[in-house]
Structure formats: C-alpha cells, structure tokens
Amino acid sequence: MSPVSANSFVLFPMGRKRFALPASSVAELARPDRLQTIPHTTPLLAGVLVRRGLIIPVCDVADVLIGPKAPTRKFYLIANRTFSGGTKKILEWTAIPVTGECELATAKPVASTGSLPEYVTGLLQISGDIIEVIDLDKLISDYAGVAFSHAEVGA
Amino acid sequence: MFAISATAVDEIRAMDGLQQIGATGNSAIQKVRYRLVRDGRPYYVVDANLYFHMLPSHSTRVLVLRDTKVAVLVSHIDRMMEVGNVLSLPHAFCGEERSWFRGLAVLNVGSQDPVVVPVVKPESFLKAAELNLLEADEPRRKAKSAAKA
C-alpha cells in the first residue's frame, strides 16, 4: 500500500460547507451505526460506537464548525486523535458524525489567515471552493478548554 | 445501565428504612439524600441519578456496598452475569467520568447488537472528606432522634 501523500486530504461535508482532514489521520467512513450513550461530563462527546469489538468515542463537532443548526449527521468519519501520556503519544480512534459522504482530494494547502480559528491549519482551493483543513485535536481541546497535549491520561 | 463488581456489593435491599437527610448546605453532598441504619451502623445513601448527573428516575433498590459506609440508590437491578474484559475508558473521555468508571464492558459481543455498559468504581461514590462531613453530623442526628423518642 503506497504511503499517503502529505497533500492528500479527506473532504467531509457539514451542511453546505466542506472541511478537510489529513488523509493519513482518517481510517474509514462508517455507515450509520447505533450510538450508545453513557453518562459523562466531557464537552462534545456524544457517545460511543462498537465496531469490530472496539469501542470508539463519538465527538460531535458540528456545532463548533457550522453552528447549532447543523443538518442530521448521516455517517461517521473515523479518524485518529493523539493523546499525550507522559513521554509517549497515544493514538485513539474517534468518530466524527458528518452530514454526507466524503471524498479524497489532493491539493497543496496554503496557510490560513489570522482571522480563522487556531484549529484551522490551512486552506485548500478545490473546484472553486475554499476548504478549511482541520486539526481535530486542537479543535476538540480548544472547545473543551483542556490542553490535551499536557493532560493526564491515566486510567 | 451500569455494572458494578458483585464482590463490592454486600446487600441489595428495598427502600425500607431509609431516613431522609435534610440539606446540609454543602453542594458536594447533595447526592446523599438518605441515611440507612443497618446492624447499628449508619450508611449514607448516594442517589445514582444525582451522582451521574442524570434525569431523575423512580428508585426501588439500594445497593449496600461492602466494607464501606456507602449505599447507592438505583432504579432497579437488571441481572447478575459474568462480564468478559473490562476495556479502558477511551482517552477522549476527560471529565468526571474518569473518576466514576473503571472502564467499559461490551455485552452480547459478536452479536449484531452489542451493548456498552460502564463499570463503576465503587470507591468513587463518596470521598473520604465527604464521609467525614456526614459522620460529623451524626451526634446531632442522634440527639434529634432521642429527643423525638
């Protein structure tokens, strides 16, 4: 399997807008699945999915990206998040509900302007659209007000 | 639905004998709504709905925890069963739930409808400081009971 290029991105829809994640961080686009909820106090966390025996947390970032009137999310985009456990990095899958099917695109990103949120790491110009490249870890940690890179991640 | 280790539970009982505790004014202990005297010892009953920040439900059972002075008020008992592996709570969970739960169990593994159940840490229901605060009020409660008698 050829390595994913640094300029490969997965474009995902949120309502009428599209956003991008680095392709290297994306595992799959999953069909609608049963969301299971458990009590918690973590912002943005909607519940968990069970896929192939693994428990995958679901983070609903639609409100942050496009506001409270986001359309129904129809699929789950499963991507990697990075957590810091002392001196080591821990990768963990997270499911992001999206409103439609995703596509793979190759484009060279340009730096985002100062007026955009810090979780936007670059911009892609594809088919006349400007698409924001998202740093998922930064988006979720900024919203939650927790610096994940320094968070204790013991059990 | 939640799971708790069977070895952590000393007794499952109905709600007979629960004594309502008035508000102490301390928000950390609003979750303790009742007190139970069992074999001459007081137990402090944590309302699981309040503890887990859930909507109120009709409670019918009290789990008296072993080797503690804590009991937990729950809506009902579903069943007792063997649980396979308890999986670590994903790191995405970073709130109070990290202190509530040991991890997550998956029931009906391999079926088309697996169910995820959080496994509770029995020692998390009441911290030592909260227990001390509740116990400090015991002389006043005893005096009040004696006065009524």
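The values are calculated or read from the model by the stated rules, or taken from the named source; none is laboratory data. Quantities reported herein were computed from a predicted structural model and do not represent experimental measurements. Ideal geometry is used to build each Cβ from the backbone, glycine not excepted, and the neighbour counts take in all protein chains shown. Keep in mind that these areas ignore ligands, DNA and RNA; they rest on the heavy atoms of the full protein, side chains included. Shrake-Rupley method; radii C 1.70, N 1.55, O 1.52, S 1.80 Å.
Annotations for the structure displayed:
- Residue ID - nearest to A:LEU136 (Cα to Cα), chosen from residues in the stretch A:67-89 that are of a type outside the set (A, V, I, L, M, F, W, C) and surrounded by 13 or more Cβ atoms within 10 Å (Cβ to Cβ): A:ARG81
- Selection count, the stretch B:24-79, where residues are part of a strand (DSSP E or B), farther than 25 Å from B:LEU107 by Cα and of a type in the set (A, V, I, L, M, F, W, C): 7
- Taken together, the criteria exclude B:ARG79 from residues that are open to solvent by 70 Å² or more (accessible area, probe 1.4 Å), closer than 27 Å to B:TYR44 by Cα and touching a strand residue (DSSP E or B) at 6+ places or on another chain (Cβ under 6 Å).
- Single unsatisfied condition, A:PHE75 versus (1) within 30 Å of B:VAL106 (Cβ to Cβ); (2) within 14 Å of another protein chain (Cβ to nearest Cβ): (2)
- Residue match in the stretch B:96-103 (condition: touching a residue at least 24 places away in the same chain (Cβ under 8 Å) and of a type in the set (A, V, I, L, M, F, W, C)): yes
- Of the candidates B:LEU133, B:LEU107, the single residue that is surrounded by fewer than 19 Cβ atoms within 10 Å (Cβ to Cβ), over 30 Å from A:SER84 (Cβ atoms) and touching a helix residue (DSSP H, G or I) at 6+ places or on another chain (Cβ under 9 Å) is B:LEU133.
- Per the listing B:VAL37, B:VAL74, B:VAL9, B:VAL45, the residue uniquely away from every other protein chain (no Cβ under 14 Å), surrounded by 19 or more Cβ atoms within 10 Å (Cβ to Cβ), closer than 29 Å to B:GLU138 by Cβ and not aromatic (Phe, Trp, Tyr) is B:VAL45.
- From B:ASP78, B:ASP10, B:ASP47, B:ASP39, residue being over 13 Å from the mean Cα position of the chain (by Cα) and touching a residue at least 12 places away in the same chain (Cβ under 8 Å): B:ASP78
- Selection within the stretch B:87-102 - at the interface with another protein chain (Cβ under 7 Å from one of its Cβ atoms) and part of a strand (DSSP E or B): B:LEU87
- On the stretch given as the stretch A:98-131, residues that are open to solvent by 70 Å² or more (accessible area, probe 1.4 Å) and either assigned to a loop (DSSP other than H, G, I, E, B) or of a type in the set (Phe, Trp, Tyr) (or both) total 8.
- Number of the exception - A:SER149 against (1) in contact with a Pro (Cβ under 9 Å, 6 or more places away or on another chain); (2) modelled with pLDDT under 80; (3) hydroxyl-bearing (Ser, Thr, Tyr): (1)
- Of all residues in the stretch A:25-57 being part of a strand (DSSP E or B) and within 7 Å of chain B (Cβ to nearest Cβ), the one that is surrounded by the most Cβ atoms within 10 Å (Cβ to Cβ): A:VAL48
- When the stretch B:106-134 is limited to residues that are under 14 Å from the mean Cα position of the chain (by Cα) and aliphatic (A, V, I, L, M), the one that is farthest from the other protein chains (Cβ to nearest Cβ) turns out to be B:LEU131.
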